[in-house]
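For reference, the structure discussed in these notes is given below.
The values are calculated or read from the model by the stated rules, or taken from the named source; none is laboratory data. Fair warning: this is a prediction, and the values are worked out from it, not measured in the lab. Backbone-built Cβ (ideal geometry, glycine too); neighbour counts: all protein chains shown. Surface accessibility is based on the protein's heavy atoms, side chains included, excluding ligands, DNA and RNA. Shrake-Rupley method; radii C 1.70, N 1.55, O 1.52, S 1.80 Å.
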Amino acid sequence: MQGRKREREREREMESSDELPQVFPINGGGEDEKNYQSNSSLQKKGVDANNVFIKEGILDKLDVDQLIAASQTTPKAFTIVDMGCPVEIDALAALQNVIDTVKLKIESSAVYEHLSPNLEFQVFINGPTTRDFNTLFRSIPMNKPYYAAGAPGSFYGRLFPISSLHFVYSTYSLHWLSKVPDGVGDERSPAYNKGKIYCMSSPKVVADAYEAQFARDIEAFLKARELEVVPGGLIAFSIVTVPPDSKCITPTFFEILGSVLLDMAAKGITSKEKVNSFNLPIYLATPPQLVGLIKRNENFSIERMEQLCRPRELFYEADFPEKLTIHYRAVMENLFSDHFGTEVVNVMFDQFKNEVTETAVFMDLSHKQGLESFVLLKRKP
């Protein structure tokens, strides 16, 4: 009874928040050759590995008996959510991987005869309200073995009823902040990030502002999920991270984008004021930082954590600068265009590709490859 009361109190606390997270759209589905769906080769190996980790996690950590005990009646639907669904990834294949693995897990459980014949699968695909999911929804097969629906909104807040979700996963989304950190675009602020668009080489006060915003966002994400996920339910997510105490290639590319913009401002293509007021709403944490933030929420246990490095041979391909530019454009073009305008952004990405090619910074062995972290959490009773 006391546990239920605490849940209600947490729910009211979240509903009382009047700050709505900002939305930073990507180039989603559709026929545009610059869209995410057409330019995700840099992430494919990570996606494939994550699907393996998810399968192993469900087989090893999903307690079917506990899920039934947590429900007032035997559940007739197993509810799965893809949160922040980046449409460049084969979301439907990842979804089918979850369903097939849950079925396999149930078949090996003691309650198979009672649960399996009547169990159905409800799938929600979440994304910001500005995202175009038309291509994804058109690709859902007619004879799908599940019920599918969209769930628009920010995953940094509540999206579903209490204790309604059994499995949640999120791919390459949680490093996007709910908003640009306070003060970094304000010349009156001590955290003013003048001449930079990210915090890698900025003063400590700027980096602290980014880290604080990331901490608030992870806290909000887990606080919402602790109410929505049933006891024994699982959350799996992959997130771009950086190795501690070493240079990493990913934020270095952000620095190059910033230097290109400053060069364009010096040439009058854009203004210094525009550059100084723009900051990427992204924070790349280290794995230890991420673990520390997760552990602040006592309602989840970390069941597994893996780090994946992108293969260095990827950087040796002759067309790597071209692939990198197309990928970043698919990820960030709308964000830059909203601030600088389309014509400026076209020039920016052309110069970015040239700068990456000429400096060959990706060949510098002192830089670590891009790092991704996979995390599997379990909702405690």
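Considering GLN307, GLN289, which residue is in contact with a Ser or Thr (Cβ under 6 Å, 6 or more places away or on another chain), open to solvent by 30 Å² or more (accessible area, probe 1.4 Å), touching a residue at least 60 places away in the same chain (Cβ under 8 Å) and within 30 Å of PRO231 (Cα to Cα)?
On the way: GLN289 fails: in contact with a Ser or Thr (Cβ under 6 Å, 6 or more places away or on another chain).
Exactly one residue qualifies, and that residue is GLN307.
Of the listed requirements (1) surrounded by 22 or more Cβ atoms within 10 Å (Cβ to Cβ); (2) in a loop (DSSP other than H, G, I, E, B); (3) touching a Cys at 6+ places or on another chain (Cβ under 9 Å), MET200 misses just one: (1).
If we keep just the residues of segment 219-240 that are farther than 22 Å from PRO281 by Cβ and not in a helix (DSSP H, G or I), which is most open to solvent (accessible area, probe 1.4 Å)? Talk me through it step by step, then tell me what you get.
Here is the first cut: in segment 219-240, the residues farther than 22 Å from PRO281 by Cβ are 226-236.
Then keep just the ones that are not in a helix (DSSP H, G or I); that gives 229-236.
Numbers: VAL229: 1, VAL230: 10, PRO231: 34, GLY232: 0, GLY233: 0, LEU234: 0, ILE235: 2, ALA236: 2 Å².
This residue is PRO231.
Among the residues of segment 314-359, the one identified as under 26 Å from the mean Cα position of the chain (by Cα) and outside any helix (DSSP H, G or I) is GLY341.
Scanning segment 137-154 for residues that are within 24 Å of PHE53 (Cβ to Cβ) and open to solvent by less than 20 Å² (accessible area, probe 1.4 Å) turns up TYR146, ALA151. Taken over segment 156-195, the criterion of being aliphatic (A, V, I, L, M), under 19 Å from ARG216 (Cα atoms) and within 23 Å of the chain's Cα centre (by Cα) is satisfied by LEU159, LEU174, LEU177, VAL180, VAL184. Screening the candidates SER189, SER173 for the property of being open to solvent by 20 Å² or more (accessible area, probe 1.4 Å) and either assigned to a loop (DSSP other than H, G, I, E, B) or of a type in the set (Val, Ile, Thr) (or both) yields one hit, SER189.
Kindly check whether there is at least one residue in segment 218-231 that is closer than 30 Å to ALA91 by Cβ and at pLDDT below 95. Yes, some residue in segment 218-231 is closer than 30 Å to ALA91 by Cβ and at pLDDT below 95. Just one of the listed residues (ASN279, ASN297) is in a loop (DSSP other than H, G, I, E, B), polar (S, T, N, Q) and either over 22 Å from the mean Cα position of the chain (by Cα) or surrounded by fewer than 21 Cβ atoms within 10 Å (Cβ to Cβ) (or both), namely ASN297.
Rundown of residues vs (1) surrounded by fewer than 19 Cβ atoms within 10 Å (Cβ to Cβ); (2) in contact with an Asp or Glu (Cβ under 6 Å, 6 or more places away or on another chain); (3) acidic (Asp, Glu); (4) at pLDDT below 95, yes/no style:
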{"residue": "ASP338", "(1), (2), (3), (4)": "yes, no, yes, yes"}
{"residue": "GLU355", "(1), (2), (3), (4)": "yes, no, yes, yes"}
{"residue": "PHE362", "(1), (2), (3), (4)": "no, no, no, yes"}
{"residue": "GLU372", "(1), (2), (3), (4)": "no, no, yes, yes"}
{"residue": "VAL375", "(1), (2), (3), (4)": "no, no, no, no"}
{"residue": "ARG379", "(1), (2), (3), (4)": "no, no, no, no"}
